[in-house]
Amino acid sequence: MTDTSTSSTAVVTGAGSIRGIGRATARRLAADGWAVAILDLDGQAARSAADALAEEFGIPALGLAADVTDEESVDAAITAVEEQLPPVAGLANIAGITSPVEFFSTTLDEWNRVFAINATGTYIVTKRVAKGMVDRGYGRIVNMSSVSAQRGGGVFGKVPYSAAKAAILGFTRALARELGPTGVTVNAVTPGVVDTDIRVGATTPELEAKLAADVPVGRQGTPEDIASLFAFLMGPESGYITGGTHDINGGSHIN
């Protein structure tokens, strides 16, 4: 398998939110010709998103309710994808939550919740999907990390979020090394501040303006900015890129 026609399916987690990176990535992949499976905790939102993609781009699309922290839920969803869509060749692990809570106000429940959705969810979905990729000898896995993992916060999410996103970097590198000989690549994307709904209810216009002012290019990123990087790393031309941490932050963190 060497192309991204509708003979290949891309699974995108966390694409239920209209103003989110997951939705923008699913739309970009559909525009590129992938069949698309959307997994989201909000099943109705996932189904609505998939229906919209099918209508706009004329591609096979499926929206399913799935809790990425629950193996049985993920297994049921991916089984449905495998039964109804072409073979899965791409996986975008985007489902996640942030946590702006100061360290000494953090509870163990909050810590575990942030890790479960961001890090453990990535592990569960990847393990279920990657086996089929290995069996077919081709796959592209792209995991959502964050500039907060590199900077130690300093954007919005604090200790639990930064730690969980850092765990994804280690996961990505180790899995890329292990799966390299099989034809499956694994990469991580580390966005800076992006204008999405993830901070709704926990921010102010003043904070949003400050976040943008702290970026050298003078603006927050858009979901479409990040989606373009996911699409490249999930494409056939990225076959010699694996184990990488790919910055897309407007210059707010420069290695």
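The values are calculated or read from the model by the stated rules, or taken from the named source; none is laboratory data. The structure presented is a predicted model; accordingly, all values stated were derived computationally and were not measured. Neighbour counts run over all protein chains shown; Cβ positions are idealised from the backbone, glycine included.
Looking at R27, is it within 23 Å of F115 (Cα to Cα), touching a residue at least 12 places away in the same chain (Cβ under 8 Å) and not acidic (D, E)?
Numbers: within 23 Å of F115 (Cα to Cα): no; touching a residue at least 12 places away in the same chain (Cβ under 8 Å): yes; not acidic (D, E): yes.
No; evaluated as a whole, the condition is false for this residue.
So which residues in the stretch 109-167 are closer than 20 Å to A89 by Cβ and acidic (D, E)? Of everything in the stretch 109-167, just one residue is closer than 20 Å to A89 by Cβ and acidic (D, E), namely D135.
Quick check on this structure: which one of G152, G90, G139 is surrounded by fewer than 19 Cβ atoms within 10 Å (Cβ to Cβ) and of a type outside the set (V, I, T)?
Working: G90 fails: surrounded by fewer than 19 Cβ atoms within 10 Å (Cβ to Cβ); G139 fails: surrounded by fewer than 19 Cβ atoms within 10 Å (Cβ to Cβ).
Testing whether each residue is surrounded by fewer than 19 Cβ atoms within 10 Å (Cβ to Cβ) and of a type outside the set (V, I, T) leaves just G152.
Within the stretch 8-65, the residues that satisfy the criterion of being outside any helix (DSSP H, G or I), charged (D, E, K, R) and either within 20 Å of V142 (Cα to Cα) or in contact with a Pro (Cβ under 9 Å, 6 or more places away or on another chain) (or both) are R19, D32, D40. Among the residues that make up the stretch 217-227, is at least one of them crowded, with 20+ Cβ neighbours inside 10 Å and more than 19 Å from the chain's Cα centre (by Cα)? No; the residues of the stretch 217-227 include none that is crowded, with 20+ Cβ neighbours inside 10 Å and more than 19 Å from the chain's Cα centre (by Cα). Any idea how many residues of the stretch 101-136 are in contact (Cβ under 8 Å) with a residue 40 or more places away in the chain, loosely packed, with under 15 Cβ neighbours inside 10 Å and not in a helix (DSSP H, G or I)? Summing the residues that are in contact (Cβ under 8 Å) with a residue 40 or more places away in the chain, loosely packed, with under 15 Cβ neighbours inside 10 Å and not in a helix (DSSP H, G or I) in the stretch 101-136 gives 1. As a summary of the residue check, G192 satisfies the conditions (1) modelled with pLDDT under 95; (2) buried (at least 22 other Cβ atoms within 10 Å of the Cβ); (3) over 18 Å from Q220 (Cβ atoms) except for the one numbered (3).
Yes/no per residue for (1) more than 23 Å from A26 (Cβ to Cβ); (2) touching a Gly at 6+ places or on another chain (Cβ under 6 Å); (3) at pLDDT below 95:
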{"site": "T98", "(1), (2), (3)": "no, yes, yes"}
{"site": "L108", "(1), (2), (3)": "yes, no, no"}
{"site": "N118", "(1), (2), (3)": "no, yes, no"}
{"site": "K127", "(1), (2), (3)": "no, no, no"}
{"site": "I141", "(1), (2), (3)": "no, no, no"}
{"site": "R151", "(1), (2), (3)": "yes, no, yes"}
{"site": "R177", "(1), (2), (3)": "yes, no, no"}
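Screening F57 on (1) over 20 Å from the mean Cα position of the chain (by Cα); (2) more than 20 Å from T25 (Cα to Cα); (3) of a type outside the set (D, E) shows it passes everything except condition (2).
Among the residues of the stretch 230-246, write down those that are under 15 Å from the mean Cα position of the chain (by Cα) and surrounded by 20 or more Cβ atoms within 10 Å (Cβ to Cβ). Listed by number, the residues that qualify are F230, A231, L233, M234.
Within 20 Å of A15 (Cβ to Cβ), in contact (Cβ under 8 Å) with a residue 24 or more places away in the chain and touching a strand residue (DSSP E or B) at 6+ places or on another chain (Cβ under 8 Å): does that describe D225? Yes; evaluated as a whole, the condition is true for this residue.
Working only within the stretch 17-50, note down all residues that are small (G, A, S) and under 12 Å from the mean Cα position of the chain (by Cα).
Of the residues in the stretch 17-50, the ones small (G, A, S) are 17, 20, 22, 24, 26, 30-31, 33, 35, 37, 43, 45-46, 48-50.
Within the stretch 17-50, G20, G22, A24, A26 qualify.
When the stretch 78-94 is filtered for residues that are touching a residue at least 40 places away in the same chain (Cβ under 8 Å) and either polar (S, T, N, Q) or part of a helix (DSSP H, G or I) (or both), the ones remaining, listed by number, are I78, V81, E82, N93.
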